[in-house]
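So the structure is just underneath, and the comments pick up after that.
What follows is calculated from the coordinates using simple rules that are stated; it is not laboratory data. Just so we're clear, the structure is a prediction, and the values are computed from it rather than from any experiment. Virtual Cβ from ideal backbone geometry, glycine too; neighbours counted across all protein chains shown.
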Amino acid sequence: MGLGLAKPGRNRPIGRVIDRFLASRAARTAVLTGAALGLAGCAGAPRPTADHTPRVLCVVAHPDDETGFAGTLYKIATHLGGACDILVITNGEAGYKYSTLAEVVYGRRLTDPDTGRSELPAIRQAEMREAARMLRVRDVVFLSELDHRYTQDPGEVLGEGAKVWDLARVRAAIAQQLDHGDYDFVFVHLPVPTTHGHHKAASILALQAVAAMPRERRPVALGSFGMTKDGDPPTHPYLLDGYPITRSRDDVRCWTFDRTQKFGFENKLDYRIVTSWAVAAHKSQGTYQNLMGRGELEAFRMFAIDAVDAIPRTDALFRRLAEPQFEALRYDAAGRLLR
């Protein structure tokens, strides 16, 4: 496996750079101006080869949203030696209704709306960091915007006059992250109509930021969703009504990561275990624990945003993700490892 050449400063924690950068209003304005100009003037860079170590940015709305592509992130980081970062827009404080069991863990009455909304931001950030450690994620960026309520309408945060999120700040932070990270791929949740409006909004903002970049520097934008092995992958183009940026390519199938890939002694292990580690970290979200061990395929649709060599680059990534990662283990009758 080729390792590629890292650019100077590539492996530094980008999130902390952005935290400092966004600390002043003047800096936020400067970043926004750069994003609005499509980062014109940035020099183009050659796109990676098939054996290159991938760099991935996930843009999600809440802590725990990363579990939708947990297996993919883990194997990119550990098998391919890639760098995976996660940008989380909200702190997920609206999840207090599901925190009954976590009250004993954290010693707080988290199901009380006032207590939950004040205590959960710090708790859920800590849980997110633990999940990221399990998945070998390089860096997590928290924008700490308001998780105001459950809704399926992205217009509540993106619509004209909406003030739930500081949209200028969020757009600036995503643009800055993309510019510093030099990513090959951006993962978001496919914004299907039945998902949380915040999930849709996070995906839309990420796609808009990618589209604002010069074509030669754009990462490939992929939308994730869950599938079973006996399910039929969607073949029709995807488009969320009212948001043309969400249009998928209609000339390619979806790509999948198989969480049930077997490995270890007698092939008793698979990547559902890794996903369960990440889910277990989010103890404040009780209903999420019901997902332990579930889910067979992490599927990805490609958005129509034009990126250089998008299809061959994505084919190469998922071909490598299907490779065996661990050597077969054999033991003799005394339990000694056979070489």
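Assess whether residue 168 counts as being assigned to a helix (DSSP H, G or I), among the small types (Gly, Ala, Ser) and surrounded by fewer than 16 Cβ atoms within 10 Å (Cβ to Cβ). So residue 168 fits the description; yes. Residues that are surrounded by fewer than 18 Cβ atoms within 10 Å (Cβ to Cβ), not basic (Lys, Arg) and not in a helix (DSSP H, G or I) within the stretch 268-295 comprise 269, 292, 293, listed in sequence order. Screening 210, 252 for residues that are under 15 Å from residue 303 (Cα atoms), in contact (Cβ under 8 Å) with a residue 12 or more places away in the chain, of a type in the set (Val, Ile, Thr) and assigned to a loop (DSSP other than H, G, I, E, B) leaves exactly one candidate, 252.
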